[in-house]
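**Student:** Let me begin by handing over the structure; questions about it come next.
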Amino acid sequence: MTTDFVPHGIHVPLITPFAADGQVALDALEALAHAVLADGATGLVALGTTGEAAALDAAERAAVTDVCARVCRERGASLAVGAGGSDTRASAAALADLARWPEAGAALVTVPAFVRPGRAGVLAHFAALAQASPVPLIVYHIPYRTGSELDAATLRALGELPGVIGVKYATGAVGPEAVDLLADPPQGFAVLPGDDTVASPMLALGAPGAILASAHLATDRFAELAAAWRAGEAGRARELGHRLSRLSAALFAEPNPTVLKAVLHAQGRIPTPDVRLPLLPAGPVTTEAALKELAGLGA
């Protein structure tokens, strides 16, 4: 039996910290997981893009999921896990493996990259996965990585499938399709912004929560932002949203999660700022700029 995924609030897609010897620093990962939940996050996402899942081997992915599942169980928090593959069969196999973790309330699944299957193929892909998956699915719509642009009508059709409970919406902008979808989402289908710099306007348009890498930092302020929009406190939410957007822009000035890891390392929260090739560590100029934005937010 899985734990229900709670769509409201802020969900943090955790980085995967590495020790000096290149191994996954599981103790640092556990500390980060506890910290963001203690500071107001609703849940965690394991093995997302921010977690460099593609650069982890099977044993490392299992170890990361073990840590996140244990922390979520201890704190009664939501857990979503990234799962997928290069085709429907591989994606189904990755999803089947999630039955090992009853704490997992949802799986984050993309359209297979490079394939570009078309609307009918996308619907068939997710229908097959939803039927076979041990956990509900959140469609990860990130067309600049997958090559598949899904319009509001297609996402609504996906939201009508049994077992599909939401979308992480990360198109890089708040365009007409996002506005259209948020105006009339299917019942029980959560539209969760995943582009940090435009999360605030998506929340203003009615998104119940968000999946934000930036919320490793100033987690309480991101949780405050979601709560303020949910309560209709537009003035407070707008001002805070502008400030958090500037922080997010600084954190994404180089490929994610390089700047985020550099900041967390500067804070002493992870043992190294290391990422795995083909990513390279963030430079000192962008790291310092992000630290400056974070310090200004605290002020």
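The values are calculated or read from the model by the stated rules, or taken from the named source; none is laboratory data. Not measured: the values here are computed from a predicted model. Here Cβ is always computed from backbone atoms with ideal geometry, including for glycine, and neighbour counts include all displayed protein chains. Each accessible area value is taken on the protein alone, full model and side chains, heavy atoms only, with ligands, DNA and RNA left out. Shrake-Rupley method; radii C 1.70, N 1.55, O 1.52, S 1.80 Å.
**Student:** Of all beta bridges DSSP finds with both residues in the chain, what is the antiparallel percent, to the nearest 5?
**Tutor:** Around 5 percent antiparallel, to the nearest 5.
**Student:** Classify region 247-294: rounded, prolate or oblate, from the alpha-carbon gyration tensor (a ≥ b ≥ c, eigenvalue square roots; a/c under 1.5 rounded; otherwise prolate if a/b is larger than b/c)?
**Tutor:** The shape class here is oblate.
**Student:** If you don't mind, another one. Given the C-alpha centroids of region 68-100 and region 170-225, what is the distance between them in whole angstrom?
**Tutor:** Cα centroid to Cα centroid, the span is 22 Å.
**Student:** After finding the eigenvalues of the alpha carbon gyration tensor for region 22-158, what semi-axes result from the square roots of 5 times each, listed largest first in whole Å?
**Tutor:** The three semi-axes for region 22-158 are 27, 15, 14 Å.
**Student:** Restricting to Cα atoms and excluding each atom paired with itself, what does the Kirkwood estimate give for region 189-299 in Å?
**Tutor:** 14.3 Å is the Kirkwood radius here.
**Student:** Can you give the accessible area per residue of region 115-219, in Å², using a 1.4 Å probe? Don't jump to the answer; show the numbers that get you there.
**Tutor:** Details: 3840 Å² over 105 residues.
Each residue of region 115-219 exposes 37 Å² on average to a 1.4 Å probe.
**Student:** Something else now. Output needed for the chain: three equivalent-ellipsoid semi-axes, defined as square roots of 5 times the C-alpha gyration tensor eigenvalues, in descending order, whole Å. Mind showing how you got there, number by number?
**Tutor:** Working: eigenvalues 146, 109, 64 Å².
Taking √(5λ) for each Cα gyration eigenvalue gives 27, 23, 18 Å.
**Student:** Only Cα pairs under 8 Å and at least 6 apart count here; give the relative contact order of region 1-111 as a rounded whole percent.
**Tutor:** Result for region 1-111 is 31 percent.
**Student:** On the accessible surface of the chain, probed at 1.4 Å, how many percent belong to carbon and sulfur atoms?
**Tutor:** 56
**Student:** Based solely on its DSSP helices, what 222 nm [θ] is calculated for the chain when runs of n ≥ 4 H residues each add -39,500 (n - 2.57) and the sum is averaged over all residues, nearest 500 deg cm²/dmol?
**Tutor:** Helix contribution divided over all residues of the chain: -14000 deg cm²/dmol.
**Student:** Moving on to the next point. If each residue of separation counts as 0.36 nm, what is the full-extension length gain between ALA113 and ASP4 once their alpha-carbon separation is subtracted?
**Tutor:** Computed gain between ALA113 and ASP4 is 36.4 nm.
**Student:** Hey, what's the per residue convex hull volume over the C-alpha atoms of region 145-220, in cubic angstrom? Please report the intermediate quantities before stating the final value.
**Tutor:** On the way: hull volume 7.9 nm³, N = 76.
In region 145-220, the Cα convex hull volume per residue is 104 Å³.
**Student:** Report the percentage of all Cα-Cα pairs in region 74-139 whose separation exceeds 13 Å, rounded to a whole percent.
**Tutor:** It works out to 59 percent of all Cα pairs.
**Student:** Follow-up question, since we're still on this one. Would you kindly state how much longer the chain becomes between ALA132 and ARG238 on full extension, computed as 0.36 nm times their sequence separation minus their alpha carbon distance, in nm to one decimal? Mind showing how you got there, number by number?
**Tutor:** Working: separation 106, 0.36 × 106 = 38.16 nm, distance 4.15 nm.
So the extension gain works out to 34.0 nm.
**Student:** Please give the peptides 66-72, 284-290 ranked by average Cβ packing (other Cβ atoms within 10 Å per residue), highest first, as a rough proxy for protection.
**Tutor:** 66-72, 284-290
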